[in-house]
Amino acid sequence: MESREISIETAGRRGVHDLTDACARFVAEAAAGGDGILHLFAPHATAGLIVMELGSASEADVVAALDRLLPRDDRWRHQHGSPGHGADHVLPLLVSPSLSVPVISGRMALGTWQSIALLDPNADHVRRRVRLSFVPA
């Protein structure tokens, strides 16, 4: 298994952060044309990983939907941080901190419109980490 940690500069911006190119570069190097699994893990309590279409304005829709499901108000028992931060700690209910993608012939087997992204609803952090691991077949 080959593994590497990448850093995502969020600048304290809530939202969707594209990881597809970083994953593709890692897979090209680690898989060396072979088959296997790309596994991603975000070691954060308030961020998760998603596969979705990016660049079609869906990113704003995802954040808006998340805010409807997990309102950013004072209803949460977890009260520290920015307003509504307690909702961020419920995110794992909906969005996993891990994700696996098949790798075939050294390339991620994503669908035509699929991209890999970090969903970070928490504006309290300016940098996030994601562990990429390639497990050969």
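The values are calculated or read from the model by the stated rules, or taken from the named source; none is laboratory data. Since we're looking at a predicted model, the values are computed, not measured. Methodologically, a virtual Cβ is constructed for each residue, glycine included, from the backbone with ideal geometry; neighbour enumeration extends over all protein chains shown.
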| In the range 98-112, how many are at negative phi and outside any strand (DSSP E or B)? | 4
| task | Exactly one condition in (1) farther than 29 Å from Met1 by Cβ; (2) surrounded by 12 or more Cβ atoms within 10 Å (Cβ to Cβ); (3) among the hydroxyl-bearing types (Ser, Thr, Tyr) is not met by Ser56; state its number. | result | (2)
| task | Considering (1) within 17 Å of Thr20 (Cβ to Cβ); (2) modelled with pLDDT under 95; (3) touching a strand residue (DSSP E or B) at 6+ places or on another chain (Cβ under 7 Å), say which one Pro92 fails and leave the rest. | result | (1)
| query | Just checking, which of His44, His39, His80 is under 30 Å from Ser105 (Cβ atoms) and either modelled with pLDDT of 95 or more or loosely packed, with under 12 Cβ neighbours inside 10 Å (or both)? | reply | His39
| Which numbered condition Ala64 fails, given (1) at positive phi; (2) free of Cβ contacts under 8 Å to residues at least 12 places away in the same chain | (1)
| request: Would you please name the residue that is surrounded by the fewest Cβ atoms within 10 Å (Cβ to Cβ), looking only at residues in the range 113-137 that are part of a strand (DSSP E or B) and among the charged types (D, E, K, R)? | output: Arg127
| request: Please state which of the following conditions Leu54 fails to meet, knowing it meets all the rest: (1) in contact (Cβ under 8 Å) with a residue 24 or more places away in the chain; (2) within 17 Å of the chain's Cα centre (by Cα); (3) over 18 Å from Ala123 (Cβ atoms); (4) not in a loop (DSSP other than H, G, I, E, B). | output: (4)
| note | Flagged in the range 21-45 as assigned to a loop (DSSP other than H, G, I, E, B), under 30 Å from Gly81 (Cα atoms) and in contact with a strand residue (DSSP E or B) (Cβ under 7 Å, 6 or more places away or on another chain), in numbering order, are Ala42, Pro43, His44
| Across the range 65-77, what is the number of residues that are surrounded by 10 or more Cβ atoms within 10 Å (Cβ to Cβ) and not in a loop (DSSP other than H, G, I, E, B)? | 4
| query | Given (1) modelled with pLDDT of 95 or more; (2) more than 19 Å from Thr20 (Cα to Cα), where does Gly106 come up short, assuming only one miss? | reply | (2)
| query | Ala11: in a loop (DSSP other than H, G, I, E, B) and either among the hydrophobic types (A, V, I, L, M, F, W, C) or without any contact (Cβ under 8 Å) to a residue 24 or more places away in the chain (or both), yes or no? | reply | yes
